[in-house]
Amino acid sequence: MSHLAHYLPYIIGVTLGLFLFTVIGLQSFFPKWVKWVFGIYYLFPIAVLQYLQNQLAEKWYATTPVPDQFWDENSKLANIFAGLFFIPLCLLFITLYYNWFKQMKSTYHRVLLGLSILPILVFGFIVFFMFVFTYGYQP
């Protein structure tokens, strides 16, 4: 179980990254350069976040118990990256829903698309909570 807990942030990051790249890649109304920009934008911060968290761990995990300074720095880092990840993601989904709504011909399909926003918002909140809890947990 401890191995899973150690790799959980990587598993979550890779899974969400693949999901995001799939959603962006399948959209025909985005030019290819926009898809590349989003891909690079999300790959680079994920790598930087992992690097910075490893640096924090090497700096502070040498002492036991882990001091409060580590948890404060880790929480600040997680909050910064939460904004870097989720604000552009919200803008992306607003753009996606707008374009999907324009493409819908019937009122019935537009209503169904509008109703699908609720599960997406709940899922987004859960993912945001998991991100902040997994990366920025402070006991």
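General observations
- Computed Kirkwood radius, in angstrom, where 1/r is averaged over Cα pairs of segment 17-87: 14.1 Å
- Taking all C-alpha pairs of the chain, those more than 26 Å from each other amount to 35 percent.
- Estimated [θ] at 222 nm from DSSP helical runs (n ≥ 4, -39500 (n - 2.57)) normalised by residues in the chain, nearest 500: -30000 deg cm²/dmol
- Computed on segment 2-136, with alpha-carbon pairs under 8 angstrom and 6+ residues apart, the relative contact order is 30 percent.
Bear in mind these aren't lab numbers, they're just calculated from the coordinates by the rules spelled out. Worth saying up front: this structure is predicted, and the values here are computed from it rather than measured.
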